[in-house]
Amino acid sequence: METISEWIRQLPKAELHLHLEGTITPPTLVELSMLGNARPMTLTEAQTLYAYEDFTGFLQAFKTVVTELRGPAEYELAAWRMLQGLAAQGVCHAEVYISVGVIFRLRPEEDKSNPDLFPDIFAALERARLRGERELGVTLSWIFDAVRHFTVEEAARVFRLAAAMRSAYPSIVGIGLGGDERKTGSEPFRALYEEAAAAGLRLTNHAGETTGPEAIREALEIGSERLGHVLSAGDDPMLLQELLLRQVPLELNPSSNVKTGVCPSLEAHPLRRYFDAGLMVTLNSDDPAFFGATVADEYRLAHEVHGFSRAELRQLAENSFRSSFLPEAEKQAWIDRIGSVAGA
Ligand code: ADE
Ligand code: ZN
């Protein structure tokens, strides 16, 4: 009999909440530092960058790692390593956040003097994506992520760039907001979300990660189609009912929430409660290099900690495709494939 990890590996899965920069492990960071750097980083030096005490510290550490992505070559290698990791876990499709807001914030001068900075970075990401599809059979879509606690103008620039690049690059499927909800909610971005939707972009949003259910309501009210974290929805029964009736896709990230200290333990995470209530739950890793768990680990932990059976894990995998931004026919083809996986 195969182990649960082996079984999870062969289960077709989509990952919907994954930050490219959060997939960069310390060994990959060392590799990146060797691309044209005078003094490459040691593994110990790289590891120290991943230390954080709380959610605020995590956001800071994340930004520090992004600083190491100096140009197109670094982005291409980071994306390729990410794709190899996804293939190794049996992830067939991923919708990946790129922290475009951080790229512009980190290098305002370079950005002003070199209008090709972002197009060159994005072309490199596309090379990795196409190679991943060709060589590994993993498909990717991109979500341009803005930082909510930067300015609304900075978010506007990120979202409008996604809209402008979409016709040349159909792999750009959507936009999202990350960062610190305790500083800025969703309401200031209402008009920008409407504009993005009108441009054909799909709308995701981090909501209720460090804040209460009112932040989740606000995210829904500005038109967010998919919600990340949604940790506090259980505090508001009416909200839970709405999420249930509308079958709003929820991108849950249990290990992330425990590691950043916004949830006391995996046992305390609402994954099981939401699933049993019939919500449209998906499992995701968020920033696996920072939290020490891949999405395949999240499925295993759901089994070990919350007692998810193989049939229930299969349901989670099905939800991941159903909640994706893939065309209906592709979703259905993946769901049919899951149906043929043995071992319920
Ligand atoms: N950026 C990367 N990971 C994030 C998270 N978990 N919350 C908010 N912003 C993020
Ligand atoms: Zn996230």
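Odds and ends about this structure:
- Mean sequence separation of contacting Cα pairs (under 8 Å, at least six apart), scaled by the length of the chain, corresponds to a relative contact order of 18 percent.
- Scaled against the 2.2 N^0.38 Å expected of a compact globular protein of N residues, the Cα radius of gyration of the stretch 7-106 reads 1.13.
- Distance from the stretch 114-166 to the stretch 260-334 (C-alpha centre basis), Å: 25
- Normalising the Debye intensity of the chain to I(0), with uniform scatterers on Cα atoms only, and taking log10 at q = 0.07, 0.11 Å⁻¹ returns -0.26, -0.68.
- In range of the label at Tyr169: residues from the stretch 38-81 whose backbone nitrogen is under 13 Å from the point 7 Å along Cα→Cβ: 72-73, 75-76, 79
- Estimated 222 nm signal from helices in the chain, with DSSP H stretches of n ≥ 4 weighted -39500 (n - 2.57), rounded to 500: -15000 deg cm²/dmol
- Think of the chain as having a plus end and a minus end, set by charges on the Cβ of Lys, Arg, Asp and Glu; of Ser33, Pro327, Val96, Pro327 sits farthest toward the positive end of this dipole.
- The Cα atoms of the stretch 135-188 give a gyration tensor whose axes a ≥ b ≥ c have a/c of 1.5 or more with a/b no greater than b/c, which makes the shape oblate.
- As a calculated quantity, the FRET efficiency between Asp54 and Glu153 at R0 = 22 Å, using C-beta atoms, amounts to about 0.20.
- Vicinal HN-Hα couplings computed from phi for the stretch 69-80 (Karplus, 6.51 cos²θ - 1.76 cosθ + 1.60; Hz; Gly/Pro x): 8, 7, x, x, 4, 5, 5, 5, 5, 4, 5, 5
- Dipole of the chain computed with +1 at Lys/Arg Cβ and -1 at Asp/Glu Cβ about the Cα centre; of Leu136, Ala207, Ala162, farthest Cα towards the positive end is Leu136.
- Potential lengthening between Ile335 and Ala198 on full extension [0.36 nm per residue; Cα-Cα distance subtracted]: 46.4 nm
- Furthest towards positive pole of dipole, Tyr299, Pro119, Ser340, structure part the chain, Cβ charges: Ser340
- Placing R0 at 35 angstrom, the Cβ-Cβ distance between Glu328 and Leu35 gives a FRET efficiency of 0.30 after rounding to 0.05.
- The charge dipole of the chain, taken about its Cα centre with unit charges on the Cβ of Lys, Arg, Asp and Glu (plus for the first two, minus for the last two), comes to roughly 500 debye.
- Cα gyration tensor category, rounded, prolate or oblate, for the stretch 50-151 with a/c compared to 1.5: oblate
Every read-out reported here was derived from the displayed coordinates using simple, explicitly stated rules and does not represent laboratory data. Fair warning: this is a prediction, and the values are worked out from it, not measured in the lab. Here the Cβ is made from the backbone with ideal geometry for all residues, glycine too, and neighbour counts use every protein chain on show.
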